[in-house]
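All remarks here apply to the structure that follows.
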Amino acid sequence: MIVLLIFGISFILLATYTIIRISIACVFWSFSTSTDAMQIFKRCFPYYIITLTSICLAFIVAFNKEPIVIYYVSSVYFLALFLWRRKIKTYKKTFAVEPNQTHLP
């Protein structure tokens, strides 16, 4: 019974992650031109987060403010924020070492 419960919870979490990841990827794929990720973020993120907030509030109201629904919806909300942050994060890797003391002989 416990194994079945763990399997069900992990399936729900995996499905949630996949759906949110695909929804964010579709926003970036919808731009046919190669636009900077920061510009896409500035243009689309407010609409995405307003829509997500509306959907989350609708689920909370529909399920009569059950605590498990509030926990799930808040985890979806924060997961979406984390995935947006990860999507636009730029990795700056510099391999050149600049000398700090230029006056050494």
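The values are calculated or read from the model by the stated rules, or taken from the named source; none is laboratory data. All figures in this text were calculated on a predicted structure; none of them were measured in a lab. Reconstructed Cβ throughout: ideal geometry from the backbone, glycine too, with neighbour counts over all protein chains shown. For accessibility, only protein heavy atoms count, side chains too; no ligands or nucleic acids. Shrake-Rupley method; radii C 1.70, N 1.55, O 1.52, S 1.80 Å.
Rolling a 1.4 Å probe over the heavy atoms of the protein chains gives region 5-84 an accessible area of 71 Å² per residue.
Computed 3J(HN,Hα) for region 38-47, one whole-Hz value per residue from the Karplus formula 6.51 cos²θ - 1.76 cosθ + 1.60 where θ = phi - 60°, is 5, 5, 5, 4, 5, 7, 9, 4, x, 5, glycine and proline marked x. Taking other residues whose beta carbon is less than 12 angstrom from the beta carbon of Ile20, and scoring Lys, Arg as +1 and Asp, Glu as -1, yields +3. Remark: C-alpha extents of region 1-87 on the principal axes read 50, 29, 17 Å, sorted largest to smallest. Each residue of region 72-88 was assigned a 3J(HN,Hα) from its phi angle through the Karplus curve 6.51 cos²θ - 1.76 cosθ + 1.60 (θ = phi - 60°); the sequence is 5, 5, 5, 5, 5, 4, 5, 5, 5, 4, 5, 5, 5, 4, 5, 6, 9 Hz, with glycine and proline shown as x.
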